[in-house]
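For reference, the structure discussed in these notes is given below.
The values are calculated or read from the model by the stated rules, or taken from the named source; none is laboratory data. Owing to the predicted nature of the structure, the values given are computational and were not obtained by experimental measurement. Note that we place each Cβ from the backbone using ideal geometry, even for glycine, and neighbour counts take in every protein chain shown. Accessible surface areas use protein heavy atoms only, side chains included; no ligands, DNA or RNA. Shrake-Rupley method; radii C 1.70, N 1.55, O 1.52, S 1.80 Å.
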Amino acid sequence: MSDYDYLVVGAGLFGATFAYEAAKRGKHVMVIEKRDHIAGNVYTEEVDGIQVHKYGAHIFHTSNKHIWQYVNQFAEFNRYTNSPIANYKGQIYNLPFNMNTFNEMWGTHTPEEARAKIDEQRREMAGKQPQNLEEQAISLIGRDIYEKLIKGYTEKQWGQKATALPAFIIRRLPVRLTYNNNYFNDDYQGIPIGGYTQIVEKMLASDLIDVETGVDFFDHKQDYLSKYPRILFTGTIDQFFGYQLGELQYRSLRFDTKELNTGNYQGNAVVNYTDAETPYTRIIEHKHFEFGKGDKDKTIITREYPADWHRGDEPYYPVNNQRNNTLYTKYQELAKKQPQVIFGGRLGQYRYYNMDQVIAAALKTVDKEFDN
Ligand code: FAD
Ligand code: UDP
């Protein structure tokens, strides 16, 4: 038996929050991480004075005051407000769908004019219950916006026809009759000054926590199971069980990052390319997440290319359709027969969690584990 109380598999936000809270309670924790760095997908790295979001744009937003205060223990946040724009075949539109977007799309000026136009557009779905993402989008906002700002982006992102995708994906996007370009409705929002990695570093800083990077749980699975009394596993749950019930589906991504000899490439942190032809979904320009940081003659941009997932690829997004959710509940049944192991996080719980939700879920697991 090992001297540690816990083995935590994965040094992302879920694993780190759990390890931090366990150490606070005097527990001895070993954290293993298969990548060569900690922090999972929130990992940021400083390049030429700019914090580069290595795994895509990460904006912290929440309406949960407790979680906001919790994360602020580990970093000071700036007042960044996400206001992405959409580029559809060279035409620029504000996001999320708001009075600016409606003006750009239809020339409407007042909420009344916009509402009338949206109602006219939505009539196509009158009396019908939306059965898929396409129908949901049209019943929410109408065909014009669906065709230009949703269809191409969504089909690239998920690698499926919008008619085959579940409606819930699009419910995440707000529709507003105000000139408000804030992408999120949450009470709190920002980017940690100095990046996200420091948050996880501080969470793992306790003398009671040891961290090993470049270590894959599956290289020594049986050994770990026999040595550690308790294991928190934040990798993919289907892989843990050797895919014995079949594969869950994931969506992968390829990030293409470039440094450019210009001070300002696109004038905004996030630009979405919403047509079907452009192979990437968005370009992020990292310096715009912070204010006045970085070289005035240089910038770093990342193009985000959606990709099919095959075993061995990074599983960035769970694909929460009915088939996969049903299969996941079967894996949960197997998990119940393995009480030594707790499954957590975006991959262990197979859920499209944002950062605040992942921290909240980890704290819930902590409560359950330590019964307080
Ligand atoms: P992860 O960060 O994936 O951590 C799991 C860790 O476990 C990884 O480091 C992995 O390498 C490791 N691991 C897996 N298997 C093994 C193994 N066998 N052995 C050892 N280690 C293993 N959220 C927001 O709130 N705002 C945003 O703007 C936002 N943008 C996002 C953009 C993109 C492109 C993506 C992909 C996600 C975004 N998110 C955003 C979500 C956010 O990244 C997640 O909520 C959060 O990172 C999940 O934390 P986690 O610990 O569950 O998973
Ligand atoms: N979406 C879209 N057009 C956009 C941005 C998003 O159609 O310009 C859709 C797309 O289906 C996407 C979903 O809205 O998967 C959720 O978008 P969000 O920006 O919340 O996704 P994330 O940043 O988590 O990838």
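Could you say which residue among Tyr265, Tyr328, Tyr280 is within 13 Å of ligand 2 (Cβ to nearest atom) and either open to solvent by 20 Å² or more (accessible area, probe 1.4 Å) or more than 28 Å from Asn94 (Cα to Cα) (or both)?
Only one candidate qualifies: Tyr280.
Taking the condition of a type in the set (A, V, I, L, M) and more than 12 Å from ligand 1 (Cβ to nearest atom), does Ala16 pass?
Spelling it out, it is not the case that Ala16 is of a type in the set (A, V, I, L, M) and more than 12 Å from ligand 1 (Cβ to nearest atom).
Which one is modelled with the lowest pLDDT, of the residues in the range 157-181 that are assigned to a helix (DSSP H, G or I) and within 15 Å of ligand 1 (Cβ to nearest atom)?
Here the residue is Ile169.
Can you name the condition, by its number, that Asn272 falls short on among (1) among the polar types (S, T, N, Q); (2) touching a Pro at 6+ places or on another chain (Cβ under 7 Å); (3) within 14 Å of Trp158 (Cα to Cα)?
Failed condition: (3).
Criterion first (at pLDDT below 95 and either hydroxyl-bearing (Ser, Thr, Tyr) or within 15 Å of Val175 (Cβ to Cβ) (or both)) does Arg122 satisfy it? Talk me through it step by step, then tell me what you get.
On the way: at pLDDT below 95: yes; either hydroxyl-bearing (Ser, Thr, Tyr) or within 15 Å of Val175 (Cβ to Cβ) (or both): yes.
So Arg122 passes the test.
Does Asn78 count as within 16 Å of ligand 2 (Cβ to nearest atom), polar (S, T, N, Q) and in contact with a strand residue (DSSP E or B) (Cβ under 6 Å, 6 or more places away or on another chain)?
no
Select from the range 298-325 the residues that are among the basic types (Lys, Arg) and surrounded by 15 or more Cβ atoms within 10 Å (Cβ to Cβ) and list them in ascending order.
Lys298, Arg303
Looking at the range 354-372, which of the residues that are open to solvent by 30 Å² or more (accessible area, probe 1.4 Å) and within 15 Å of ligand 2 (Cβ to nearest atom) is farthest from His53 (Cα to Cα)?
Gln357
One line per residue, one yes/no per condition, for (1) at pLDDT 95 or above; (2) touching an Asp or Glu at 6+ places or on another chain (Cβ under 6 Å); (3) away from ligand 2 (no atom under 16 Å from the Cβ); (4) more than 15 Å from Gly345 (Cα to Cα):
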| site | (1), (2), (3), (4) |
| --- | --- |
| Tyr4 | yes, no, yes, yes |
| Arg25 | yes, no, yes, yes |
| Asp36 | yes, no, yes, yes |
| Asp48 | no, yes, yes, yes |
| Tyr55 | yes, no, no, yes |
| His61 | yes, yes, no, yes |
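Applying the selection to the range 27-82, what residues are out of contact with any helix residue (DSSP H, G or I) (no Cβ under 7 Å at 6 or more places or on another chain) and at positive phi?
Residues satisfying the conditions are Asp48, Gly49, Gly56.
Output the residues belonging to the range 202-218 that are in a strand (DSSP E or B) and either more than 15 Å from ligand 1 (Cβ to nearest atom) or surrounded by 14 or more Cβ atoms within 10 Å (Cβ to Cβ) (or both).
Those that are in a strand (DSSP E or B) and either more than 15 Å from ligand 1 (Cβ to nearest atom) or surrounded by 14 or more Cβ atoms within 10 Å (Cβ to Cβ) (or both): Ile209, Asp210, Val211.
Out of the range 1-52, which residues are of a type in the set (D, E, K, R) and open to solvent by less than 30 Å² (accessible area, probe 1.4 Å)?
If the condition is that a residue be of a type in the set (D, E, K, R) and open to solvent by less than 30 Å² (accessible area, probe 1.4 Å), then Glu21, Glu33 are the ones that fit.
Out of the helices (runs of 4 or more DSSP H) lying entirely within the range 53-156, which hold 3 or more residues that are within 16 Å of ligand 1 (Cβ to nearest atom) and open to solvent by 10 Å² or more (accessible area, probe 1.4 Å)?
Because the criterion is at least 3 residues that are within 16 Å of ligand 1 (Cβ to nearest atom) and open to solvent by 10 Å² or more (accessible area, probe 1.4 Å), the helices (runs of 4 or more DSSP H) in the range 53-156 that meet it are 65-72.
Give me a count of the residues in the range 27-60 that are more than 18 Å from the chain's Cα centre (by Cα) and of a type in the set (Gly, Ala, Ser).
Total satisfying the criteria: 1.
How about the range 140-184: which of its residues are under 21 Å from His61 (Cβ atoms) and without any contact (Cβ under 8 Å) to a residue 12 or more places away in the chain?
The answer is Arg172, and nothing else.
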